[in-house]
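**Student:** Before we start, here is the structure in question, set down as structure tokens.
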Amino acid sequence: MTSTPTRAAALRPSAPDRTGVLAAGTPVRRAAAALSFRNIGAVYVWLVIVVLFSVWAPETFPTATTVKQVLNGNAVAGLVALSVVPPLAARVFDLSVAYTMSLTSVLTAYFLVSTGLGPFTAIALAMAAALLVGVVNGIVVVVLRVDSFIATLATGALIQSLITMVTDDSSITGVRLLAEPFASIAQLDAGGITLPVLYLLLAAGAIWFLLEHTATGRRLYATGFNADAARLQGVRTDRLRFMTLVASALLSGFAGIVFASSVGSGSPTAGSPYLLSAYAAAFVGATQLRAGRFNAWGTVLAVLLLGTGITGLGLATSAPWAASLFTGSVLIVALVLTGGRLALPAVLRRRKATPHAGPEAPAEGPAVPAASEENRG
């Protein structure tokens, strides 16, 4: 009577064996996913760029000086790029970040040189102006329901007119901009790495923590994915969008102060070169680490990738137009490879599986979320 249970127990695989197989496989699968081209494709592109320029300019590119140059030269660009990440996570565009950067750069220089205020007072007033810009953007976009793309572009035009009125399109220079303690804001360094690099890491860490480890970050992503559904779940989407515009203005305003400290002047066009590169880095960063989500560390990675290529072109003494060509090419290649090429195997698998489903089998495909207007609710 006892032989049957004994035989069944003998034939049944042991639980520890199954657990051991799963435990051994899970870390491998996780590591493979973390190192896949889809997850960190920009890293592999970055390595290819490093190897290419190391061969092209072997005497100047593969040096510690180049590493410092890439980090120091792209810290401000990274701050501007990070400033657009929170609004984009909530599906809001802030095109006024470049103008806000120029505004704080000019105002800080003006208060220091023309009015004789101390550096801390000048910085506080410039940041107050950036805060005001963020509040105005929030009112126009959230309260008045104007499309964020158009609203922030119009706000930027108003800011530029104010800058022109104050500066007459001329840079503000003075000895006080080159003296301590204002100059040390951007020029103080440790081992050749300047303070703006530290600002970049701190800002990226703060945004990463907010988006990935707080309820506010989850609500921001929910607002960006589907604002109507998020509102039905009790998320205050209007408040979140308002606060992202304020945060964007403050961070881009701080980038303007760092820029003024690094170059020793207040430029009326300080932020203009950074607008396109900021959005380029943010969108390329959205394909990395957290694919489909705008994230801080992916944005920093994209900034360094683009900065490495531009620095390499400069050291290789190539044509002046090559930097723009490189930036556009890398953007297209990175987006196509991380988004398009890796989606092809899934399409082929679906096509291969279609004949077995039968003529009456329903077609399967990815669920398409309901479209939501940017400024509704």
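The values are calculated or read from the model by the stated rules, or taken from the named source; none is laboratory data. All figures in this text were calculated on a predicted structure; none of them were measured in a lab. With ideal geometry, Cβ positions are generated from the backbone for all residues, glycine too; neighbour counts draw on all protein chains shown. The area values use the complete protein model at the heavy-atom level, side chains included, leaving out ligands, DNA and RNA. Shrake-Rupley method; radii C 1.70, N 1.55, O 1.52, S 1.80 Å.
**Student:** When the dipole is taken about the Cα centre of region 39-345, and only Lys, Arg (+1) and Asp, Glu (-1) are charged at their Cβ, what size is it in debye, to the nearest 20? Working shown, then result.
**Tutor:** Details: 13 positive and 10 negative charges, 181 e Å.
For this selection, approximately 860 debye.
**Student:** Taking a probe of 1.4 angstrom, what is the accessible area of I193 in Å², to the nearest 10?
**Tutor:** Accessible area of I193: about 50 Å².
**Student:** Let me ask you something else. From largest accessible area down, sort I150, I49; use a 1.4 Å probe on the protein chains. Walk me through the intermediate numbers first.
**Tutor:** Values: I150 105, I49 15 Å².
Order by accessible area, largest first: I150, I49.
**Student:** Using a 1.4 angstrom probe and counting only protein chains, how large is the accessible area of Y221 in Å², to 10?
**Tutor:** 10 Å²
**Student:** When the Karplus curve 6.51 cos²θ - 1.76 cosθ + 1.60 is applied with θ = phi - 60°, which whole-Hz ³J(HN,Hα) does each residue of region 227-244 get, with x for Gly and Pro?
**Tutor:** Each residue of region 227-244 in turn: 5, 5, 5, 5, 5, 5, 8, x, 7, 7, 5, 4, 5, 5, 5, 4, 5, 5 Hz.
**Student:** Apply the Karplus curve 6.51 cos²θ - 1.76 cosθ + 1.60, θ = phi - 60°, to the phi angles in region 273-281 and return the couplings in whole Hz, x for Gly and Pro.
**Tutor:** Coupling constants for region 273-281: x, 9, 5, 5, 5, 5, 6, 4, 5 Hz.
**Student:** Can I ask one more? Full extension from S114 to R145: what is 0.36 nm times the residue separation minus their Cα-Cα distance, to one decimal in nm?
**Tutor:** Gain in length upon complete extension: 7.3 nm.
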